[in-house]
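Q: This is the structure I have questions about; it appears just below.
Laboratory data are not the source of any read-out in this text; all were calculated from the coordinates shown. Keep in mind it's a predicted model, so treat the numbers as computed, not measured. Here the Cβ is made from the backbone with ideal geometry for all residues, glycine too, and neighbour counts use every protein chain on show.
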Amino acid sequence: MPDSPQIRLGTRRSPLAMAQAHETRARLCAAHGWDESAVELVPVIASGDKIQDRPLAEIGGKALWTRELDNWLSEGRIDVAVHSLKDVETIRPASLAIAAVLPRADRRDRLIGAESLFALKEGAVIGTSAPRRAAQALHARPDCTVVTFRGNVATRLAKLAAGGADATFLAAAGLERLGETATGHPLDPADWLPAPAQGAIALEIRSDDEAARDLLAPLDHAPSRAEVMAERALLYALGGTCHSPIAVLCVFADGELSMRAALYSPDGAERIEGETRFAAGDAEAPARLAADLLARATPGIAAVFEGPPA
């Protein structure tokens, strides 16, 4: 075993991001028969972790999670960036490439503070900074009020415990990766669709780094990649931004993908839904569903979706 690391993984410093980096290192070491010392973890403080009092959409969107890691990759200070794929912009620099998607974890959201949305008291306050969650909650419970909740898992749970809201939402996958398996109540995707690529860890490299690509190849889980790339393709074709409430779930089974998506107006009052099934290799199917959804979009929904890029 050489003294120097075989590969350097860049990650945000949050507890969840570090847990994802540790999972990636464990999978790499298992795949190649390495000792842990072969994989160096390189923590980076992301802009999104520095600013926690405003919604992401107001201060730069998803780029706040990726900017520093992108720079460190481009400068050769790390070989791989470990991302929660749902936090990665749909349009990425051509100089970077997603080399692997790990097996996708639980796609669901968990509701913290009540057994269900309908168990909340009349006029309850719900804490979230995600437009999707806010719109879905207000669609189901228009009597409720939404307030901004940002920060890592522990921060948001502390805000809830301090009375900042009656309930909040957290991704089931993140809670499980932090060992919080008993926290909250899972929301059935039949009624509450998740965010695009929720539950997926993506490993990004420099596009021309064939050595890193080869090392990561055993970690790439084809069914998970097919699901999340289809969900990201739908988001791209819709022209969705950080202001766009979109919920979608794509499930791979027997060589086919089934996709169900819902678009909302920001206040949750307007909602449309669509679904489709297609072969895993059909790259155009998500765009066809996007076109159908946009053709049926009400004014409140259309206002926050830009449509396919020119």
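Q: Once the piece of chain linking Ser116 and Ala302 is laid out straight, how much longer is it, given 0.36 nm per residue of separation minus the C-alpha distance between them?
A: Numbers: separation 186, 0.36 × 186 = 66.96 nm, distance 2.93 nm.
So the chain would gain 64.0 nm between Ser116 and Ala302.
Q: Also, I was wondering about something else. What list of ³J(HN,Hα) values in whole Hz, one per residue of region 301-310 in order, does the Karplus curve 6.51 cos²θ - 1.76 cosθ + 1.60 (θ = phi - 60°) give from phi, with Gly and Pro shown as x?
A: 7, 4, 5, 10, 10, 8, x, x, x, 5
Q: What net charge is computed for the residues neighbouring Gln20, neighbours being all others with C-beta under 13 Å from the C-beta of Gln20, Lys and Arg scored +1, Asp and Glu -1? Numbers along the way, then the final one.
A: On the way: positive: Arg12, Arg13, Arg25, Arg27, Lys86, Arg104, Arg177; negative: Glu23, Asp87, Glu176, Glu204.
Every neighbour counted, the sum reads +3.
Q: Let me ask something else about it. Apply the Karplus curve 6.51 cos²θ - 1.76 cosθ + 1.60, θ = phi - 60°, to the phi angles in region 118-124 and return the couplings in whole Hz, x for Gly and Pro.
A: For region 118-124, the Karplus-derived couplings read 7, 8, 5, 5, 4, x, 4 Hz, x marking Gly and Pro.
Q: Per DSSP H run of n ≥ 4, the term is -39500 (n - 2.57); total these for the chain, divide by its residue number, and report the mean residue ellipticity at 222 nm rounded to 500 deg cm²/dmol. Don't jump to the answer; show the numbers that get you there.
A: Numbers: 11 runs with 103 residues, N = 310.
Result for the chain: -9500 deg cm²/dmol, rounded to the nearest 500.
Q: Please compute the volume of the convex hull spanned by the alpha-carbon atoms of region 109-186 and report it per residue in Å³. Let's see the in-between values first.
A: Values: hull volume 6.1 nm³, N = 78.
Normalising the Cα hull of region 109-186 by residue number yields 78 Å³.
Q: Please list, ordered by chain and number, the residues whose modelled amide H lies under 5 Å from the amide H of Gly199; skip anything fewer than 5 residues away on the same chain.
A: Lys86
Q: Scanning the chain for helices, which whole DSSP H stretches are 18 Å or more long along the axis (Cα) and average 0.0 or more by Kyte-Doolittle? List each step's numbers first, then the result.
A: Working: long enough: 15-32 (26 Å, -0.11); 222-238 (24 Å, 0.40).
Long hydrophobic helices here: 222-238.
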